[in-house]
Every structure is written in C-alpha cells, then in structure tokens.
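Written out below as structure tokens is the structure these notes cover.
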Amino acid sequence: MIRTYCKEALQNSLNLLQSFRDNEQHFVMLEKATQELRTAFQAGNKVLICGNGGSACDAMHFAQEFTGRYRKDRAALPAISLSDPSYLTCVGNDYGFESVFARGVEAYGKKGDIFIGLTTSGNSENVIRACIRAKELGLYTMSLLGQSGGKLKGQADLEWIIPGTTADRIQEVHMFILHLLVEQLERLMFPKNY
C-alpha cells in the first residue's frame, strides 16, 4: 500500500515536470529571468526573495545558492531571503504579518534589484503586498505560483504558474525552476565553470 502511494506521488510529480518541460513558454521565461538576474548582478544589484512555510525554506535555499555556491567555486552573488525570525516577529508584531515582506522590500530593495515571491496558492497576502511594494520601488518582479495563480496572477513582471493541486508537488517544481535559474546564471556569468 505504501509502495502504491509512493509510486502515485512520484507519477504526479513527473506529470507536473513533464507538463513544465512541454511548455516552450517556460523556457522563454527562464531565458528572460536569467538575463534579468545577470543584468542585476553585473550592475551591483541584488535579489530579494520570500515565501511562507515550505516556500520560505525554498527562498532561503535559493539565496544561499548565490551567496555560497551552487556547483563550483565562483564569486559570491548578493541574494537575501526575507526570512530572519527576529525580523519576521518584530515586523509581524508591529505592523501585522501581512506586511512582513513588504517592509523587508522597503528596507533592502532599490531600483535595479530583483524581487521573487513564492506562493503555492498565489493568495499569500504578505507576498502580494511585497510584490506590489517592489514594483513601486522599481524592482523587477518575478513570482512562482501554483494552482490557478490566485490573486498574485498577473501582478509580477514575469511569473510561472504550476497547475498542481497540492503544495508539495507545486513546491517541487518551484525548486526545480529556482535551481535552473541559478545554474543558467552561473553558465552565463562564469562559463569557465561549465
């Protein structure tokens, strides 16, 4: 029984990845996003990324791939996950949880930076507000969404909508996209590593 459920879960994940692979628009967006990242980093700008729960973990993972390394040694690249617990509880207490990421964008973001919001439902109010604030400040915005895209659909400059029905399968594809962005950025900026 467990084996059957595990195989079904794997098949669901494979189906979402295959659907992603078969949509050429995803690769057009990956190329655009990679170019935007390169432009930002080469100009001395940074990436701000946020999400809730598992998406917060994915945001931290993505940021450390730039500040640390991905596959090989290279220069550190500036990326900040807006997920420090003391920051979140301070701002959440003073301004409300729906404002925690927007305040971070306001504190760290500047024109030319990139903002990435992760939300499997597309309805996370704190991610929506952060995206709106980022656009107001002149950041290039990207969102990784799920299901039908929710309220955030159409708000970012570039967005991926993964039509999964559960957060876990959607997050798996989100992390795949984030890894592809890091890898392709490294190929562009540090070609000797590949």
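The values are calculated or read from the model by the stated rules, or taken from the named source; none is laboratory data. It should be emphasised that the depicted structure is a prediction, and the values quoted were computed from it without experimental measurement. FYI the Cβ positions are ideal-geometry reconstructions off the backbone, even for glycines, and counts take in every protein chain you see.
Quick notes on this one:
- Annotation note: Cβ proximity below 9 Å between a residue of region 136-152 that is within 21 Å of ILE80 (Cα to Cα) and modelled with pLDDT of 95 or more and a residue that is basic (Lys, Arg) and in a helix (DSSP H, G or I) (sequence gap 6+ or interchain) occurs for LEU139/ARG133; THR141/LYS135.
- Of all residues in region 131-164, those satisfying the criterion of being buried (at least 17 other Cβ atoms within 10 Å of the Cβ), more than 19 Å from GLY53 (Cα to Cα) and polar (S, T, N, Q) are THR141, GLN155.
For every residue, the table says whether it meets (1) surrounded by fewer than 17 Cβ atoms within 10 Å (Cβ to Cβ); (2) more than 20 Å from LEU144 (Cβ to Cβ); (3) not aromatic (Phe, Trp, Tyr).
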| residue | (1), (2), (3) |
| --- | --- |
| GLN64 | yes, no, yes |
| TYR95 | yes, yes, no |
| VAL100 | no, no, yes |
| GLY122 | no, no, yes |
| ARG129 | no, no, yes |
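- In region 175-190, the condition of being outside any helix (DSSP H, G or I) and in contact with a Leu (Cβ under 6 Å, 6 or more places away or on another chain) is met by no residue.
- Residue list for region 31-59, filter: of a type in the set (A, V, I, L, M, F, W, C), assigned to a helix (DSSP H, G or I) and surrounded by fewer than 17 Cβ atoms within 10 Å (Cβ to Cβ): CYS57
- Meets criteria (in contact with a Leu (Cβ under 8 Å, 6 or more places away or on another chain), at pLDDT 95 or above and surrounded by fewer than 20 Cβ atoms within 10 Å (Cβ to Cβ)) for LEU82: no
- Among the residues of region 60-97, those identified as under 24 Å from GLY122 (Cα atoms), in contact with a helix residue (DSSP H, G or I) (Cβ under 8 Å, 6 or more places away or on another chain) and part of a loop (DSSP other than H, G, I, E, B) are LEU82, SER83.
- Residue selected from region 120-133 under the condition among the hydrophobic types (A, V, I, L, M, F, W, C) and within 14 Å of the chain's Cα centre (by Cα), by the criterion farthest from GLY92 (Cα to Cα): CYS131
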